[in-house]
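Okay, structure first, notes after.
The values are calculated or read from the model by the stated rules, or taken from the named source; none is laboratory data. Because the structure is predicted, anything quoted here is derived from the model rather than measured. Note that we place each Cβ from the backbone using ideal geometry, even for glycine, and neighbour counts take in every protein chain shown.
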Amino acid sequence: MELGLIAIGAGLAVGITGLASGWAEKDVGAAAVGAMTEDPSLFGKGMILMVLPETIVIFGLVVAILLIFVTGASV
Amino acid sequence: MFGRKGKGGKGNYPYAVARVKAKKAQLMGEDTYSKMLMMSLPEISRFIGESGYQKEIAALAGRYDGVDLIEHATYSNMANYFRGVLDVTTGELHEMLAAYLEKWDIWNFKVILRGKSFGMDADSIKEDLVPAGKLDQQALERLLSMESEEEIIAAYGRVANVIFPTELISAYEESRNLSELEDFLEKDHYDSLLRSIDPSSRPTRLYQDYIRKEIDITNVETILKLKAEGIRGEEVMKYIIPGGKQIDKKLATQLANAESLSAAVNDLAPLDFYDDIKNALDETNSLRSIVAGMKKYHIRQAKTFSHLYPLSVIPIIDFMIHKENEVNNIRIIARGLNSGLDADVIKELLVI
């Protein structure tokens with residue numbers, strides 16, 4: 001039972017942060033493509049800004065790993 | 001959840017604003033105008049042909065030269081920019097921009113109607129069109145191909161969703177005087193522009209305020225110009241556009257009835273842009289400087305608002321105002337140099 005709840009928690013951590021990343025990247029990506037259309041030299045800057053919201057899902061993944069391997073191992 | 005609102009959604013603000021900001025970064029600065037004042041007309045043509053106007057200068061260089069080339073190339077460039085921005089926007093944002101750019105449809109309609117009433121041929125009229133609004137070149141050419149002015153008015157009403165009052169049309173048919181028709185279109189434009197803005201969010205409320213201030217400025221300009229011509233009272237009130245922010249009917253009447261230009265300017269003391277007019281008055285005491293002062297104030301307002309709400313319609317309108325201003329400044333320099341005006345006089349006319 002407890003292991004099942006931990007698995008649900010880990011899934012939610014990755015799922016919700018994944019949605020949040022997508023939500024943030026939607027606007028950043030659109031703006032980056034817009035800027036690059038006008039000035040292709042902005043590709044590098046656009047790419048960096050585009051991947052920044054990815055950190056949100058990475059944090060979610062870290063939380064999920066901790067839940068499964070640290071909390072899950074002690075159950 | 002994903003920002004959809006109404007038929008076309010809220011609009012693609014991040015994409016459109018990023019593109020517009022990149023375009024705005026390429027606009028000319030104050031130093032460039034000073035440099036252009038030192039050039040001859042062919043040098044200006046070459047200079048703008050090497051900056052953002054290369055495509056238009058290259059396309060038109062075979063047909064025009066001197067000041068005509070600069071005028072046609074700048075207007076054509078502005079039309080391409082504005083239509084480009086309109087084409088990449090969607091939803092509510094597109095609707096708001098289309099309503100803002102309707103002023104160019106009105107401009108083109110006036111050009112066509114005036115050209116036809118003076119018996120000009122279609123090719124000459126076509127050269128003066130600026131297809132920067134909702135109506136593209138094809139739609140304008142369809143209007144141009146019509147024989148009678150009545151047909152053009154009816155067709156414009158259909159394509160631009162304007163309902164002309166029947167008494168206005170019959171008055172025009174009798175007198176062939178375009179001024180009342182033009183006045184009606186101007187009022188209708190601001191009315192539909194204000195109606196296109198949904199003031200439910202802070203940026204759109206700011207945009208609405210901005211348009212209402214533009215109405216104030218247009219009204220003040222009209223009052224002062226008519227006053228300088230010696231026209232006062234009710235005759236002036238006919239041309240006042242309703243919906244202004246600070247100038248209501250009472251203040252407009254007061255201004256219209258003022259004894260002189262300086263008395264009218266004193267009545268404007270409580271208004272936001274008074275300081276800009278006051279400075280202009282101290283310098284030269286001319287209507288031209290007062291109008292330039294108001295335009296400077298208006299441009300400054302757009303710039304301030306655009307920094308407050310980066311993901312709204314305001315940065316796009318700010319770009320359009322600056323682009324139009326750049327085109328006007330280049331035309332002022334070209335016309336001024338062509339007329340042999342002194343560089344200092346031309347500089348005073350520029351809105352920087």
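Summary of values
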item	result
Selected residue (only one of B:306, B:289 is under 30 Å from residue B:264 (Cα atoms) and of a type in the set (Ser, Thr, Tyr))	B:289
Within segment B:43-64, considering residues that are aliphatic (A, V, I, L, M) and outside any loop (DSSP other than H, G, I, E, B), the one nearest to residue B:334 (Cα to Cα)	B:44
Segment A:1-38: number of residues that are buried (at least 16 other Cβ atoms within 10 Å of the Cβ) and among the charged types (D, E, K, R)	3
Residue B:160 in contact with a helix residue (DSSP H, G or I) (Cβ under 6 Å, 6 or more places away or on another chain) and at pLDDT below 90	yes
Residue match in segment A:19-37 (condition: part of a helix (DSSP H, G or I), hydroxyl-bearing (Ser, Thr, Tyr) and farther than 21 Å from residue B:311 by Cα)	no
Members of segment B:96-142 found to be crowded, with 20+ Cβ neighbours inside 10 Å, in contact (Cβ under 8 Å) with a residue 24 or more places away in the chain and not in a helix (DSSP H, G or I), listed by number	B:131, B:132, B:133, B:135
Pair list, Cβ < 6 Å and 6+ apart or interchain, from segment A:25-37 residues that are more than 7 Å from chain B (Cβ to nearest Cβ) and under 19 Å from residue B:84 (Cβ atoms) to residues that are part of a helix (DSSP H, G or I) and aromatic (Phe, Trp, Tyr)	A:36/A:43
Residue within segment A:49-69 that is closer than 30 Å to residue B:24 by Cβ and small (Gly, Ala, Ser) present	no
Filter result for residue A:7 (in a helix (DSSP H, G or I) and within 13 Å of chain B (Cβ to nearest Cβ))	no
Residues satisfying the stated conditions in segment B:1-25, i.e. at pLDDT 90 or above and assigned to a loop (DSSP other than H, G, I, E, B)	B:12
Of the criteria (1) more than 22 Å from residue B:11 (Cα to Cα); (2) within 14 Å of chain B (Cβ to nearest Cβ); (3) not charged (D, E, K, R), which one residue A:22 fails	(1)
Those residues of segment B:322-352 which are assigned to a helix (DSSP H, G or I) and modelled with pLDDT under 90, in sequence order	B:343, B:344, B:345, B:346, B:347, B:348, B:349
Only one of B:223, B:247, B:290 that is among the β-branched types (Val, Ile, Thr), surrounded by 21 or more Cβ atoms within 10 Å (Cβ to Cβ) and not in a helix (DSSP H, G or I)	B:247
One residue from B:81, B:33 being surrounded by 14 or more Cβ atoms within 10 Å (Cβ to Cβ), among the aromatic types (Phe, Trp, Tyr) and either more than 14 Å from chain A (Cβ to nearest Cβ) or out of contact with any Phe, Trp or Tyr (no Cβ under 9 Å at 6 or more places or on another chain) (or both)	B:33
Some residue of segment B:177-193 being touching a residue at least 24 places away in the same chain (Cβ under 8 Å) and in a loop (DSSP other than H, G, I, E, B)	yes
Test: residue in segment B:78-88 that is more than 30 Å from residue B:187 (Cα to Cα), in contact (Cβ under 8 Å) with a residue 12 or more places away in the chain and among the β-branched types (Val, Ile, Thr)	no
